[in-house]
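S.K.: Right, I'll just put the structure down here and ask away after.
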Amino acid sequence: MRYQRFIKAIIYVTVFAWTVLLYVEGEAIHSTLLRPLSTATTVVIWVALAFDLYLWKLPIFNWFVKRPVIDGTWRVELRSNWIDPKTNAPMPTIIAYMVVRQTLSSLSMRLLTEESISTLVGTEIVCSEDGLYCISGVYRNEPWYDFRQRSEIHYGGLWLQIADEKEKKTITGHYWTDRNTAGSMKLTERVSKRVQSFAAAQAALAA
């Protein structure tokens, strides 16, 4: 866990401050009181790790953690403003899949299409003043080698809104690229399984 050393530091600082206050007040300080410190620190770290990975998602903690749970594999509809220069026709809707790996302290998103993988190299869930949660991010798109003659590696950004509609989450928004193209994204169907490939995502959502 990325915050392990900070948790240890907070515990040790607290114990130190507590010891100093006891000394100032004239209380007897015995070394035996510090014997469980290592064990207590380990217990706190494991509880914090469990909370970061799993426990925060439980409904019982909704009052404490105001963060939407979106991890899993989503079906995505992509619409682009790109126009085919040969036919002067717009690009048809693309079906893709977004794989989200989420803990309380981290968020990873990877978009899978038949021709490429887009990985978010920087992402964050932010909450607006009216309580609407949004995802902002910067991504790197890597087409498979066979498609790179017409589609190069490129970068882009996205802005998505997370909404609850009749107890079903949806994520909608738009994206743009450094190739002067842009479009919309809509994430609707979701399964809890997190996959590694486009074919696996197709199978998971079709089941």
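S.K.: Looking only at the stretch 62-86, count every residue that is of a type outside the set (Val, Ile, Thr) and modelled with pLDDT under 90 and tell me the total.
M.R.: Qualifying residue count for the region: 9.
S.K.: Only residues that are closer than 17 Å to Ile117 by Cα and either within 20 Å of the chain's Cα centre (by Cα) or buried (at least 18 other Cβ atoms within 10 Å of the Cβ) (or both): list them for the stretch 167-182, please.
M.R.: Answer for the stretch 167-182, where residues must be closer than 17 Å to Ile117 by Cα and either within 20 Å of the chain's Cα centre (by Cα) or buried (at least 18 other Cβ atoms within 10 Å of the Cβ) (or both): Tyr175, Trp176, Thr177.
S.K.: What's the total number of residues in the stretch 147-174 that are closer than 16 Å to Leu78 by Cα and without any contact (Cβ under 8 Å) to a residue 60 or more places away in the chain? Let's see the steps before the verdict.
M.R.: First pass over the stretch 147-174, keeping only residues closer than 16 Å to Leu78 by Cα: 156-161, 170-174.
Subset that is without any contact (Cβ under 8 Å) to a residue 60 or more places away in the chain: 156-161, 170, 172-174.
Residues that pass the stated criteria total 10.
S.K.: In addition: Give the residues of the stretch 27-44 that are at pLDDT 80 or above and touching a helix residue (DSSP H, G or I) at 6+ places or on another chain (Cβ under 7 Å), sorted by residue number.
M.R.: Within the stretch 27-44, Leu37, Thr41, Val44 qualify.
S.K.: Of all the residues that make up the stretch 1-43, how many are assigned to a loop (DSSP other than H, G, I, E, B), in contact with a Ser or Thr (Cβ under 8 Å, 6 or more places away or on another chain) and free of Cβ contacts under 8 Å to residues at least 60 places away in the same chain?
M.R.: Step one: of the stretch 1-43, the residues assigned to a loop (DSSP other than H, G, I, E, B) are 1-3, 25-30, 35-36.
This time we only want the ones that are in contact with a Ser or Thr (Cβ under 8 Å, 6 or more places away or on another chain), so: 1-3, 29.
Next, from what is left, pick out any that are free of Cβ contacts under 8 Å to residues at least 60 places away in the same chain: 29.
Total meeting the criteria: 1.
S.K.: How many residues does the stretch 3-55 hold that are farther than 30 Å from Leu104 by Cα and among the β-branched types (Val, Ile, Thr)?
M.R.: Step one: list which residues in the stretch 3-55 are farther than 30 Å from Leu104 by Cα, which gives 19-35.
Restricting the remaining residues to those that are among the β-branched types (Val, Ile, Thr) gives 19-20, 24, 29, 32.
Adding up the residues that qualify gives 5.
S.K.: Just checking, which of Lys66, Lys86 is surrounded by fewer than 11 Cβ atoms within 10 Å (Cβ to Cβ), basic (Lys, Arg) and either over 30 Å from Thr14 (Cβ atoms) or assigned by TED's automatic domain parsing to the domain that holds Pro143 (or both)?
M.R.: None of the others qualify; the one that does is Lys86.
S.K.: Please find, within the stretch 99-113, the residue that is farthest from the chain's Cα centre (by Cα) out of those that are closer than 14 Å to Asn141 by Cα and in a strand (DSSP E or B). Show your work before the answer.
M.R.: Our first condition is that a residue be closer than 14 Å to Asn141 by Cα; within the stretch 99-113, this holds for 109-113.
The next check asks that each one be in a strand (DSSP E or B); those that pass are 109-112.
Details: Met109: 6, Arg110: 10, Leu111: 13, Leu112: 16 Å.
Restricting to residues being closer than 14 Å to Asn141 by Cα and in a strand (DSSP E or B), the top hit is Leu112.
The values are calculated or read from the model by the stated rules, or taken from the named source; none is laboratory data. Everything quoted here is computed from the prediction, not taken from an experiment. Backbone-built Cβ (ideal geometry, glycine too); neighbour counts: all protein chains shown.
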